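Everything on this sheet refers to the single structure shown next.
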Amino acid sequence: MRIIYTDVLVVGGGLAGLRAAVGARRRGHEAIILSLVPPKRSHSAAAQGGMQASLGNTVKGQGDNEDVHFEDTVRGSDWGCDQDVARLFVHTAPQAVRELAAWGVPWNRVKAGPREVVMDGQRVTLTESDAAHGLIAARDFGGTKKWRTCYVSDGTGHAMLYAVSDQAVAERIPVHERTEAIALIHEGGRCHGAVVRDLVTGELSAYVAKATCIATGGFGRIYRVTSNALINEGIGAAIALETGAAQLANMEAVQFHPTTIFPAGILVTEGCRGDGGLLKDVHGHRFMPDYEPEKKELASRDVVSRRMEEHIRAGHGVKTRFGEHLWLDIRLLGRAHIEGKLREVKEISQHFLGIDPAVDMIPVRPAQHYSMGGIRTDAAGQARGLAGLFACGEAACWDLHGFNRLGGNSVAETVVAGMIVGEKIADFVESSAGDLHVSTALVREFLEREQAKLDTLLHGNGNENAAELMGRMQEIMTDKVGIFRRGDWLQAAVDELQTLLVRSRDIGIGTKRAGSNPELVTAYRVQKMLKLALCVAYGALQRTESRGAHFREDYPRRDDAGWLKRTLATWSDEGQTLPTLDYEALDVTRMELPPGWRGYGAKNAIEHPATATRDAEIAAIRSAFGHADRYTLQHALMPFDHLVPEAFRGRNARFGDETP
């Protein structure tokens, strides 16, 4: 029995996991990172367009601050987010982007003087001030009032990941590559670490830790068409679910990115549209102004994706042997801009489509992109129901994003949440709650249990094919739990997914070796992925409203009176074929920004009974504090300072703002 002890175990080697580990290590605690791949190959590298932080350095960012970023985030979430967390995030994001600059991220910078940009299909000249020259620049992104998306051409995630990974190396944090956590070790509501499989040798080990943090990213691979990497199968969330104690929240909240190349589903950054690119149909007609005359191509992602699919349904798609698509036209940006600030888009277009985007339009169609749902945590990143377990990044439902996230907020969340959760993990480890009391007998019990499951797959008499089950699950999710949802489709999806889950308990495999064995890996992963798929589909079936990326054609209105609450899923019995659902109401009486109109579509939401009262209270507070600065007013509306780690409590300096 091999046992490895550490203070902090981080499962996942992307941006969130790396930054959390760095934070804990800098507080003097030993940390180990587990990663399926070398960290610099993590899916964080795929983030292209940029990270949001309200620096206000550019002429189109003037007047931006935490208040504006907060409002954009809450509206973007369709009022599904945790507003305390949103405040915590927008406060810390400027510190994160500056920290990354100090660590070597080569952010694009403001160049003083006139420059030509494309806005609303027209060439416009903007003049940047001499005083801003050399400061971090920003581009436009969907759903925002200001240009605040800081970027490194269109390779932002790549640059960030290399910088943060290098910091982990500098801190001498060991990364155990090609390893996978397949179960959490827990007892009596306390997590003690994980059972870990070496993907090369097949050996199982126990990693015992005072605190365990899951940062394994999203679960996009439960869908057939997704921009997610092959490793994004949601196993981190699944092993938390399988404890029966931890909760997964808002799993039905799944984002579809408007522009992935067709038919491969590879991401084309929102930066294309932020920089002035246009969406066109089979006739070459720019159609988004017909649906969203104010924000056009830069409406929130859920809105743009739905409008694109509506336009295809109306008969305006480009027909091919692979299906229908629309066009993304960035030709008007010019070759110099494309080759300078959209290099990855150019290379993807050349390598996967054989086209030059400076000459040709790019075929695009929405595809699954991001998971707003995940392991339910509090503002400190502590998992609900299981002490000692933390989560951050896309694997968590910290609940920054609610039912739709803004572009640029997720890659920002990785480092911001990593900063905050790393500090909170250190606090936990240093407290009496972090004391480790675990018997080797318990560790042995979990190791033997997981080994028995693997032995059953390797040597049992099952006759189900894991790859076929995986493929069918992905087809069901793509066809029936997609951008548009209906009760009958969702019920059919739930019914068949339950059947697949039962069948997955009788998988047989042909390759019997215990070591490197992709067939075995597919077999044990698909069993877990089916549980996640059922959480998504069943949660969507029960939620009889439309909110953000969850759009029910049979219930098209947002229902704050009945559904202003988070879905909570647990799975306490291995014999279950459905998750147990519960709900967590959002407290309107504490909201700084009560529910209202997002700015898209009809003003037809069913109002929460407390909204009018809270609106009146906020109006009274604003009137009473009309003479005060914005910090005093904000504190009166919804204090959040107590949630901010001591290291990050300072106010953000901002260009042109005498009172930061």
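The values are calculated or read from the model by the stated rules, or taken from the named source; none is laboratory data. Here the structure is a predicted model, which means the values were calculated and not measured. Every residue, glycine among them, receives a Cβ derived from its backbone with ideal geometry; neighbour counts consider all protein chains shown. Accessible surface is based on the protein model in full, side chains and every heavy atom, while ligands, DNA and RNA are left aside. Shrake-Rupley method; radii C 1.70, N 1.55, O 1.52, S 1.80 Å.
Mind giving me the FRET efficiency for residue 230 and residue 71? R0 is 30 Å, r the Cβ-Cβ distance, nearest 0.05 is fine.
0.20
Apply the Karplus curve 6.51 cos²θ - 1.76 cosθ + 1.60, θ = phi - 60°, to the phi angles in region 582-597 and return the couplings in whole Hz, x for Gly and Pro.
Once θ is set to phi - 60°, the couplings for region 582-597 become 9, 9, 10, 6, 7, 8, 4, 5, 9, 5, 6, 10, x, x, x, 8 Hz.
Taking the Cα centre of region 122-235 as origin, sum charge times position over the Cβ atoms of Lys and Arg (+1) and Asp and Glu (-1), and report the length of that vector in debye to the nearest 20.
420 debye
Report in % the part of the accessible area of region 320-405 that belongs to carbon and sulfur, leaving out ligands and nucleic acids; probe 1.4 Å.
51 percent
Can you name the helices of the chain, as whole DSSP H runs, whose Cα span along the helix axis is 18 Å or more and whose Kyte-Doolittle mean is not below 0.5?
156-170, 409-430, 518-542
In whole percent, how big is the carbon plus sulfur part of the accessible area of region 617-660, probe 1.4 Å, protein atoms only?
The value for region 617-660 is 55 percent carbon and sulfur by accessible area.
Given 295/480; 40/453; 60/280; 40/346; 111/146; 453/531, which pairs have Cα atoms separated by over 24 Å?
Those over the limit are 295/480; 40/453; 60/280.
Using the heavy atoms of the protein chains and a 1.4 angstrom probe, tell me the accessible area per residue for region 204-246 in square angstrom.
Here the residues of region 204-246 average 19 Å² of exposed surface.
What's the FRET efficiency of residue 633 with residue 612 using the Cβ-Cβ distance as r and R₀ = 25 Å, to the nearest 0.05?
The value I calculate is 0.75.
Just to verify a number: FRET efficiency for residue 294 and residue 653, C-beta to C-beta distance, R0 = 30 Å, to 0.05? Display every interim value, and only then the final one.
On the way: r = 32 Å, r/R0 = 1.07.
Working from the Cβ atoms, E equals 0.40.
In nm, to one decimal, how far is the residue 112 label point from the residue 516 one, both placed 7 Å along Cα→Cβ?
Result for the modelled spin labels: 5.7 nm.
Please list 103-115, 373-385, 420-432 highest first by mean number of surrounding beta-carbon atoms within 10 Å per residue.
Order by mean packing, descending: 373-385, 420-432, 103-115.
Averaged per residue, what accessible area in Å² does region 360-410 show with a 1.4 Å probe, protein chains only?
13 Å²
Mind checking which of 571, 546, 556 is farthest towards the positive end of region 529-572's charge dipole, using Cβ charges of +1 (Lys, Arg) and -1 (Asp, Glu) about the Cα centre?
571
Return one whole number: the accessible area per residue of region 511-581 in Å², for a 1.4 Å probe. Spell out each step's value before the answer.
Values: 2300 Å² over 71 residues.
In whole numbers, region 511-581 has 32 Å² accessible per residue.
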